[in-house]
Every structure is written in structure tokens, then in C-alpha cells.
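A.B. asks: Have a look at this one.
The values are calculated or read from the model by the stated rules, or taken from the named source; none is laboratory data. Fair warning: this is a prediction, and the values are worked out from it, not measured in the lab. Every residue, glycine among them, receives a Cβ derived from its backbone with ideal geometry; neighbour counts consider all protein chains shown.
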Amino acid sequence: MAIGATVHTFEIELADVDRGVYESLSLRVARHPSETAPFMMTRVLAYCLEYAEGVDFGQGIAGTEEPAVMVKDLTGRIVTWIEIGQPEAERLHRGSRLADRTAVYTHRDPAKVLAGWEGKKIYGREDIVLTSFDPGFIEDTAAQIERRNALTASVTDGHLYLEINGTSADTALHRHPLA
């Protein structure tokens, strides 16, 4: 018998001063047994850092036609395609052709992620940005994840200040253009 996903709840206070976004969010995040805690933490942070009307999680590993996180317009068209980790170049190529904007958030070494895409065909490469965090930040914050989580995220001047379940951490948001 297959093991099902574990549902985690996140009560989030988001203050993204850089974008002028201030929201209180309640998220239910399904974590598949094959999904690591750092991947899920990166997925939740990408949701927050890309928060806009129409933001939603993709179907995860069950939905190969959708990104991990996306923003849809009122017609249901994906306008922002957001990948997590180290997606294949083909996924980025496809996503950037379908959406107005494509972004990647990674919990991995950004130099290795970028090297994996070198020489590969990626539509709109010059407009795609890879965002990474300080070494150890994702692993440290992911270790704090419980089934029910209280998270406060503040972004100012390209720096993320995070409190998760009473533990504080901060990181620079490192932006790496693909081109």
C-alpha cells in the first residue's frame, strides 16, 4: 500500500516591503513522501516571495504539466511559471513559452544548477532568474517544520527575515540571471 501525502498547515504573515505586498495567508501544503523538507520549505517560500492574486501550488509530482508554484490570471492561463530545485532545461523551456514570466527558486548550490542548464535550449533564457538563499538557510528553517506552522516572512532590500515556529533566521535573496 502506498503512503499518502502529509498535510502541513502554515499560518503566514507576509510583509514584502520590496514589492508592497502585505498579506495574512493560511496554506495547506501536501508533502509527498518523496519530497524533502528543504524542497517543501523552498516551495512555501517561493509561494510567499511570488505572492500575487491567482498564486497557487501545482499538483506536485502527480502533475507533470504544471510547475511547483504558479500564478494564473482570471481566465486560468498561467502568467508566472515557478519551478523549485533544479528543474530540467526542457521544463524551463516549456514553461517560459507558456507563461509571461518564469522564475526558479533553489535550495541547492546555484552554480551547479546553472551549470546544468549551460548549452541547453531554454526559451527566454535572458528573462529567467534563479533565486537562491544563503548556504544552510533552507536546511535550518526546514528543520523547524511541524504539521502546524506559524511563519512570519519579511522582505526588505533583497533580504528575507523569517520566523518559523519561534525560530528566527535571515538570508540574502541571491538573484542569478540565466543569460
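A.B. asks: Which one is modelled with the lowest pLDDT, of the residues in the range 5-14 that are more than 13 Å from residue 149 (Cα to Cα) and surrounded by 14 or more Cβ atoms within 10 Å (Cβ to Cβ)?
C.D. replies: 5
A.B. asks: Working only within the range 19-74, note down all residues that are basic (Lys, Arg) and in contact (Cβ under 8 Å) with a residue 24 or more places away in the chain.
C.D. replies: The answer is 19, 31, 43.
A.B. asks: Now for a separate question. Does the range 1-45 hold any residues that are assigned to a loop (DSSP other than H, G, I, E, B), of a type in the set (Asp, Glu) and more than 18 Å from residue 170 (Cβ to Cβ), and which are they?
C.D. replies: 35
A.B. asks: Determine which single condition residue 100 fails, assuming it passes every other condition in (1) exposed (fewer than 13 other Cβ atoms within 10 Å of the Cβ); (2) more than 24 Å from residue 28 (Cβ to Cβ).
C.D. replies: Only one criterion is unmet by residue 100, namely (1).
A.B. asks: Please tell me if residue 162 is over 19 Å from residue 35 (Cβ atoms) and hydrophobic (A, V, I, L, M, F, W, C).
C.D. replies: The answer is yes for residue 162.
A.B. asks: Give the residue, chosen from 74, 27, that is surrounded by fewer than 20 Cβ atoms within 10 Å (Cβ to Cβ) and in contact with a Phe, Trp or Tyr (Cβ under 8 Å, 6 or more places away or on another chain).
C.D. replies: Answer to the selection: 27.
Let's see how each residue does on (1) outside any strand (DSSP E or B); (2) on the phi < 0 side of the Ramachandran plot; (3) among the charged types (D, E, K, R):
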| position | (1), (2), (3) |
| --- | --- |
| 92 | yes, yes, no |
| 119 | yes, no, no |
| 145 | yes, yes, no |
| 161 | no, yes, no |
| 170 | no, yes, yes |
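A.B. asks: Test residue 122 against the stated conditions and say whether it is among the hydrophobic types (A, V, I, L, M, F, W, C) and either loosely packed, with under 14 Cβ neighbours inside 10 Å or over 23 Å from residue 7 (Cα atoms) (or both).
C.D. replies: Yes, satisfied.
A.B. asks: Next question, about the same structure. Just a yes or no: is a residue in the range 150-170 over 27 Å from residue 54 (Cβ atoms), surrounded by 14 or more Cβ atoms within 10 Å (Cβ to Cβ) and small (Gly, Ala, Ser)?
C.D. replies: Yes, because at least one residue in the range 150-170 is over 27 Å from residue 54 (Cβ atoms), surrounded by 14 or more Cβ atoms within 10 Å (Cβ to Cβ) and small (Gly, Ala, Ser).
A.B. asks: Considering (1) modelled with pLDDT of 95 or more; (2) part of a strand (DSSP E or B), say which one residue 48 fails and leave the rest.
C.D. replies: (2)
A.B. asks: Moving to a separate point now. Can you work out which of the residues in the range 38-57 that are out of contact with any His (no Cβ under 6 Å at 6 or more places or on another chain) and β-branched (Val, Ile, Thr) is surrounded by the fewest Cβ atoms within 10 Å (Cβ to Cβ)?
C.D. replies: 55
A.B. asks: Only one of (1) in contact with a His (Cβ under 9 Å, 6 or more places away or on another chain); (2) of a type in the set (D, E, K, R); (3) crowded, with 17+ Cβ neighbours inside 10 Å is not met by residue 35, so which one is it?
C.D. replies: Result: residue 35 passes all but (1).
A.B. asks: Next question, about the same structure. Based on what the data block shows, is residue 179 at pLDDT below 95 and surrounded by fewer than 19 Cβ atoms within 10 Å (Cβ to Cβ)?
C.D. replies: yes
A.B. asks: From the list 49, 45, 98, 92, exactly one residue is more than 15 Å from the chain's Cα centre (by Cα) and either among the aliphatic types (A, V, I, L, M) or closer than 24 Å to residue 9 by Cα (or both). Which is it?
C.D. replies: Being more than 15 Å from the chain's Cα centre (by Cα) and either among the aliphatic types (A, V, I, L, M) or closer than 24 Å to residue 9 by Cα (or both) holds for just one of 49, 45, 98, 92, which is 98.
A.B. asks: Let me ask you something else. Can you name the residue in the range 125-143 that is part of a helix (DSSP H, G or I) and among the hydrophobic types (A, V, I, L, M, F, W, C) and, of all such residues, is surrounded by the fewest Cβ atoms within 10 Å (Cβ to Cβ)?
C.D. replies: Per the criteria, the residue is 142.
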